[in-house]
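Here's the structure we're looking at; comments come further down.
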Amino acid sequence: QVKLEESGGGSVQAGGSLRLSCTASGYSCMGWFRQAPGKEREAVASMYMINGYARYADSVKDRFTISRDNPRTTVYLEMNNLKHEDTAMYYCAAATVPHCTFDALAGAGNWGQGTQVTVSG
């Protein structure tokens, strides 16, 4: 069993910012995915928790920043300059894998409950 505790979602005007948090432990790879109505789930960002190496989807790489805390139990997603297309349910994911790729992270099947991000205006 896996428990990932997410928070930080909400409603924000276009151009605004939000920070998502996901708390878990014992994982080498953590990250964020999102799914909008009528769309497939897509990777947003990932982080290899051991050395902090980050990866981003092209759609967010200039606006979002993924980070970790010192104990490496929490991963954050700082979302800046939010756009309408960022509206989605955001899910935290975690895995212990030798290579922290989007596919490996998703394949582990360890998901948070999701937190809604809505961009308006």
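The values are calculated or read from the model by the stated rules, or taken from the named source; none is laboratory data. Every value quoted in this text rests on a predicted model; they were computed, and no experiment measured them. We place every Cβ from the backbone using ideal geometry, glycine too, and count neighbours over all the protein chains shown. Note: areas computed on protein heavy atoms with side chains; ligands, DNA, RNA excluded. Shrake-Rupley method; radii C 1.70, N 1.55, O 1.52, S 1.80 Å.
What is the percent carbon and sulfur in the accessible area of the chain, measuring with a 1.4 Å probe over the protein chains and ignoring ligands? Looking at the chain in its full context, I get 45 percent from C and S. Under a cut-off of 26 Å between alpha-carbon atoms, report the lysines in cross-link reach of K3, not counting same-chain residues fewer than 8 places apart. By straight Cα distance, K3 reaches K39. Between the stretch 1-27 and the stretch 63-121, the C-alpha centres lie 7 angstrom from each other.
Given a cut-off of 14 Å, what percent of all Cα-Cα pairs of the stretch 8-64 lie beyond it?
On the way: 1039 of 1596 pairs.
Cα-Cα pairs in the stretch 8-64 separated by more than 14 Å: 65 percent.
Using the heavy atoms of the protein chains and a 1.4 angstrom probe, tell me the accessible area per residue for the chain in square angstrom.
On the way: 6200 Å² over 121 residues.
On a per-residue basis, the chain sits at 51 Å².
If I stretch the segment between A108 and A57 completely, what's the gain in nm (0.36 nm per residue apart, minus their alpha carbon distance), one decimal?
Working: separation 51, 0.36 × 51 = 18.36 nm, distance 1.89 nm.
Contour length minus the Cα-Cα distance gives 16.5 nm.
Look at the alpha carbon pairs under 8 Å that are at least 6 residues apart: their mean separation over the length of the chain gives a relative contact order of 36 percent.
What share of Cα pairs, in percent, lie more than 24 angstrom apart in the chain? Walk me through the numbers on the way to the answer.
Values: 1251 of 7260 pairs.
Percentage above 24 Å: 17.
Magnitude of the charge dipole for the chain, about its Cα centre and with charges confined to Cβ atoms of Lys, Arg (+1) and Asp, Glu (-1), is about 120 debye.
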